[in-house]
Structures are given as structure tokens and as C-alpha cells.
């Protein structure tokens with residue numbers, strides 16, 4: 001049963017309102033005071049801008065949840081007994097006053113690695129229904145789905161469904177709330193909005209909300225889009241690989257390799273399936289010989305290098321072929 005919008009935050013720079021639609025699905029409205037944010041650059045433009053997004057917690061990946069929590073600096077996650085989830089090694093303490101810069105760098109790196117692993121394990125437990133708490137000790141608070149949606153709103157996750165600007169904040173908010181109600185009650189309008197491109201790459205609102213940039217990237221490379229080729233470079237794809245796909249591949253071929261098995265790749269914690277799969281296939285085909293160390297990879301995406309390493313291992317027989325490519 002859907003609820004009314006609840007104010008989570010509101011101040012001079014902006015505000016955030018949340019509504020629970022059903023199960024794991026939420027709508028949120030985020031508004032910003034553009035005069036406050038942009039100053040003179042906003043002269044002659046409407047003062048307020050608002051956006052309506054949808055978040056389905058059920059389809060957000062574990063890695064996206066972990067990244068969202070980390071980006072919002074929620075602090076150390078623990079269980080109801082105030083115990084951390086990661087016990088591989090003790091979290092390093094604060095560097096001493098006499099520590100050298102090199103020693104501080106090592107300690108901070110180990111702290112970062114510990115925090116990431118603890119967060120990853122906490123999110124997995126949270127997905128299974130366990131309660132997790134933030135900043136244990138004297139004042140812990142339970143990290144609920146609503147907490148995540150609030151963090152996700154600030155982090156930028158969610159499927160964009162509507163946006164507008166106006167000098168009248170009251171009317172703008174009323175319009176945003178009407179849009180939310182209309183989309184909830186009109187299946188055809190909802191599908192139209194979810195299938196609408198929302199960025200220059202051509203990602204639909206549904207794809208954007210799922211963190212899926214690969215589908216639009218594949219379509220763009222196939223059609224010869226310059227924007228897609230630039231993004232492909234950022235993903236670590238070579239000109240040869242993109243041109244070969246544009247000339248010989250089909251969207252269905254990309255779907256078979258990169259989308260139908262997309263869920264399997266996600267479950268294996270592969271966050272950039274397209275770059276990972278192309279790296280894998282380049283290794284199997286014997287194309288190129290990128291460095292195996294990311295620091296020496298010449299700017300190649302980490303996912304591409306990971307796929308390349310797995311491809312080398314599979315081709316040599318040292319490792320079984322992955323499920324997602326079958």
C-alpha cells in the first residue's frame with residue numbers, strides 16, 4: 001500500500017521527500033535552490049529545480065549499496081551485538097604522531113581495505129534480512145531500507161521519471177507529487193517514462209535506475225555513436241574491438257554475451273559486464289597483451305583487466321570457463 005510523501009530533509013539549499021509505494025519500491029523528490037547552488041550563473045533562470053526518481057531496492061546491486069553507504073560516510077557497520085562483519089584482520093588504528101608519510105599511507109590504505117570488506121559483508125547480511133547498525137557503541141542506529149534510499153538519493157541513484165524548474169517551489173512540489181501519483185496509477189505512462197532515454201549515451205530510465213550503462217553503450221557502439229566510443233574508451237575497449245563489434249556484431253549478439261547472462265555476472269560481483277567480457281574475449285582471441293597490474297594498465301578499466309586475466313587463465317586451462325559466457 002502506497003504512502004504519502006514524508007519530508008526527510010529541507011533547508012535553504014534544497015530538500016528531500018520520500019514515499020514508499022510497495023515492497024522494495026520508493027519514489028523520492030529532491031529539490032534544489034539553484035540561486036544558492038549557482039549564484040550569478042543562475043541569473044535569468046528559474047530559482048528552483050526538482051526531480052522525481054524511483055528506487056527499487058531489490059534490483060540495486062550489492063556493490064552499488066556498498067558504494068552508496070561509503071560515499072555518505074555512514075561510518076563503521078556492525079551487527080546488533082556491536083560486532084564487525086569482517087574479522088580477517090584487525091582494523092588499523094590512527095597513525096601515530098611520529099609516523100612517516102609512507103607509514104601513514106600504508107595504514108590509511110589498510111583502513112580503507114578493511115572498511116570496504118566490512119561493508120561488503122554487512123551488505124550481504126543485510127540482503128539476507130539481518131539487521132545492521134551504523135556507528136556502534138553508545139549511539140548505534142539501525143540501517144533500514146529507508147536509510148539506504150535517502151543515501152541513494154544524495155548519491156545519485158534511481159530511475160529518473162520527471163524533472164522541472166520554477167520560481168514557485170510550492171507549485172513545483174505539488175506538480176512532482178501529482179506526477180508520482182499519476183505514474184503509480186497509469187501502467188502505460190509508467191512504461192513510457194521508464195523506457196525514455198535520460199542521458200546523452202541513450203540509457204533509458206529503467207537502465208539508469210539499475211546501474212546498467214552497458215546496454216546503451218552496446219547500442220551506441222553498434223550505431224557508430226561518437227559519445228558511445230568515447231565512453232567505450234573509458235571502459236577500456238580498444239578501437240579494434242569496437243570497430244569489429246560495429247561491423248560484425250548485432251545487438252542480439254551483445255545481448256547473448258552481455259545481457260542475458262548479465263545477472264550471473266552481477267552475482268559474481270562483476271560491476272562492469274561489458275568491459276569485463278570484452279577483456280575476457282580479447283584474451284581468448286589473443287588480441288593485445290595489457291599489463292596485469294592496474295597501475296601499469298595504461299588507463300584501461302579495472303574490469304577490462306580483470307576479464308583479460310580470467311580469459312588468459314581459462315585459455316591456458318588453469319581455470320574453468322565462467323558460467324556467464326556459456
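The values are calculated or read from the model by the stated rules, or taken from the named source; none is laboratory data. Note that the coordinates shown come from a computational prediction; the quantities given were computed from them, not determined experimentally. Note that we place each Cβ from the backbone using ideal geometry, even for glycine, and neighbour counts take in every protein chain shown.
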Original post:
Picking from 130, 90, 99, 125, which residue would you name as being part of a helix (DSSP H, G or I), without any contact (Cβ under 8 Å) to a residue 60 or more places away in the chain and outside the structural domain of residue 182 (by TED's automatic domain parsing)?
Top reply: 125
Original post:
When the residues of the range 92-124 are filtered to those that are within 21 Å of the chain's Cα centre (by Cα) and exposed (fewer than 15 other Cβ atoms within 10 Å of the Cβ), which remaining residue is nearest to residue 24 (Cα to Cα)?
Top reply: 124
Subject >> Selection within the range 67-81 - surrounded by fewer than 13 Cβ atoms within 10 Å (Cβ to Cβ) and farther than 12 Å from residue 143 by Cβ >> reply: 73, 81
Original post:
Does the range 77-98 contain at least one residue that is touching a helix residue (DSSP H, G or I) at 6+ places or on another chain (Cβ under 6 Å), at pLDDT 90 or above and within 30 Å of residue 3 (Cα to Cα)?
Top reply: no
Original post:
Hey, residue 188 hits all of (1) surrounded by fewer than 17 Cβ atoms within 10 Å (Cβ to Cβ); (2) at pLDDT below 85 but one; which does it fall short on?
Top reply: (2)
**OP:** May I ask you to say which residue of 15, 39 is in the same structural domain as residue 167 (by TED's automatic domain parsing) and modelled with pLDDT under 90?
**Re:** 39
**OP:** Kindly indicate whether residue 206 is at pLDDT 90 or above, within 26 Å of residue 221 (Cβ to Cβ) and not in a strand (DSSP E or B).
**Re:** yes
